[in-house]
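J.: One structure coming up, written as structure tokens, with questions to follow.
We did not get these values from a lab; they are worked out from the coordinates using the rules stated. Keep in mind the model is a prediction, meaning the values are calculated, not measured. Positions of Cβ are backbone-derived with ideal geometry, glycine not excepted, and every protein chain shown enters the neighbour counts.
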Amino acid sequence: MRVLYVDDDRVNALLFSETCRLAGDIELESAGSGAEALEVVQAWSPDLLVIDLHLPDTDGYALLGALRGSLASPGLPAFLCTADSAASVEQPARE
């Protein structure tokens, strides 16, 4: 499985990378910003997206739409991650 992980927090990225390594059979690419993620998908197509909601240059919702559009894959599976409370992200996630 090919996974694109987008998060500007280096510790989170390291933990996610190590978890994927231990799980095996996961090809991981990481990006620290929305712009970097869009650059990655120009040459590499993921099977799954894992995106932090708060990035330095965009938010996870906007990046998800941009990545799906760039890949011409509107149904590409994705997880949006945040340390925010569930109440603060529930409504935007439904939209």
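J.: Considering segment 5-58 alone, what residues qualify as being aliphatic (A, V, I, L, M) and over 20 Å from ALA83 (Cβ atoms)? Steps first, please.
T.: The initial filter retains those residues of segment 5-58 that are aliphatic (A, V, I, L, M), namely 6, 11, 13-15, 22-23, 26, 28, 31, 35, 37-38, 40-41, 43, 48-51, 53, 55.
If the condition is that a residue be aliphatic (A, V, I, L, M) and over 20 Å from ALA83 (Cβ atoms), then LEU22, ALA23, ILE26, LEU28, ALA35, LEU38, VAL40, VAL41, ALA43, LEU48 are the ones that fit.
J.: Also, I was wondering about something else. Can you pull out every residue in segment 16-32 that is surrounded by 17 or more Cβ atoms within 10 Å (Cβ to Cβ) and over 12 Å from MET1 (Cα atoms)?
T.: PHE16, SER30, ALA31, GLY32
J.: Of all residues in segment 39-57, count the ones that are in a loop (DSSP other than H, G, I, E, B), closer than 13 Å to ARG68 by Cβ and in contact with a helix residue (DSSP H, G or I) (Cβ under 7 Å, 6 or more places away or on another chain).
T.: Here the count works out to 1.
J.: Mind checking which residues of segment 1-22 are of a type in the set (Phe, Trp, Tyr) and in a helix (DSSP H, G or I)? Don't jump to the end; show me each part of the working.
T.: Here is the first cut: in segment 1-22, the residues of a type in the set (Phe, Trp, Tyr) are 5, 16.
Within segment 1-22, PHE16 is the sole residue that qualifies.
J.: Over 18 Å from ARG2 (Cα atoms), without any contact (Cβ under 8 Å) to a residue 60 or more places away in the chain and of a type outside the set (Lys, Arg), is that true of ASP52? Walk me through it before giving the result.
T.: Values: over 18 Å from ARG2 (Cα atoms): no; without any contact (Cβ under 8 Å) to a residue 60 or more places away in the chain: yes; of a type outside the set (Lys, Arg): yes.
Answer is no for this residue.
J.: Scan segment 37-46 residue by residue and report those that are over 11 Å from the mean Cα position of the chain (by Cα) and either surrounded by 14 or more Cβ atoms within 10 Å (Cβ to Cβ) or not hydrophobic (A, V, I, L, M, F, W, C) (or both).
T.: GLU39, VAL40, VAL41, GLN42, SER45
J.: If you don't mind, there's one more thing I want to ask. Please tell me if ASP25 is free of Cβ contacts under 8 Å to residues at least 40 places away in the same chain and in a loop (DSSP other than H, G, I, E, B).
T.: yes
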